[in-house]
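What follows is a single structure, written as structure tokens, with notes after it.
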Amino acid sequence: MYELKTKENDSSVIEFIETVDSPKKREDAYRLLDIFTETAGYPAKMWGPSIIGFGSYHYKYDSGHEGDAPLVGFSPRKAKISLYFATGDTEREALLKDFGKHTSGKACVYINKVADIDVEVLKALINQSVTFLKERYPTT
């Protein structure tokens, strides 16, 4: 049986941020922590060893695979900062047009630094993702 590696845990968010090598990336992580906490309305929790998540929802796929995931989150990785939003949300692409310098994958949006993006659009992305997931899945 598949065991999900990225689970909510009791590790300290602040201690994790303090391990970020780059002072600028660490500063951005604290800025994102404030923005996500205020906008999502959930306290920050560690998910796995390196994702800072906010809120949670329980998903179940047609295949029977199920688990829990944060509603939104971010991770200050070495190369880029990963921002985690809902997958399958068609509104995301429209919001990303005005977001600023970024690249994106299925669930992640990648940025180099907070200064490259429009923080108001980030807040809209957070709100949209939380709303989208709450309408579709049980949340905690």
Legend entry - Heavy atoms of I35 accessible to a 1.4 Å probe, total area in Å² rounded to 10: 20 Å²
Legend entry - D116 versus H58: modelled label distance in nm, points set 7 Å from Cα along the beta carbon direction: 3.8 nm
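Can you work out the FRET efficiency for the pair R31 and E66, with r the C-beta to C-beta distance and R0 = 30 Å, to the nearest 0.05?
0.35
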Legend entry - Mean Cα-pair separation over length for the chain, i.e. relative contact order, pairs under 8 Å, 6 or more apart, %: 23 percent
Legend entry - segment 4-140 shape via C-alpha gyration tensor axes, a/c threshold 1.5: oblate
Legend entry - N127-S11 pseudo-label distance in nm [points 7 Å out on the Cα-to-Cβ vector]: 3.2 nm
Legend entry - Cα gyration tensor shape of segment 1-83, rounded if a/c is under 1.5, else prolate or oblate by comparing a/b with b/c: prolate
Inset, instruction - Sticking with the crude label model, points 7 Å out along Cα→Cβ, report the distance from E18 to A94 in nm, one decimal please. - result: 4.4 nm
Inset, instruction - Let me know the Rg and Dmax you get for segment 26-67 when you use only its Cα atoms, in Å. - result: 13.3, 41
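Give me D for segment 58-99 in µm² s⁻¹, whole number, from Stokes-Einstein with Rh from the Kirkwood sum over alpha-carbon pairs, 20 °C and 1.002 mPa s.
171 µm²/s
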Legend entry - FRET efficiency, A79 to T139 (Cβ-Cβ, R0 35 Å, nearest 0.05): 0.70
Inset, instruction - Mind telling me which of Y42, Y84, Y61 comes out most flexible in a GNM of the chain, alpha-carbon contacts under 10 Å? - result: Y61
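The values are calculated or read from the model by the stated rules, or taken from the named source; none is laboratory data. Keep in mind it's a predicted model, so treat the numbers as computed, not measured. No Cβ is skipped: glycine too gets one built from the backbone with ideal geometry, and neighbour counts run over all protein chains shown. SASA here: full protein model, heavy atoms, side chains in, ligands and nucleic acids out. Shrake-Rupley method; radii C 1.70, N 1.55, O 1.52, S 1.80 Å.
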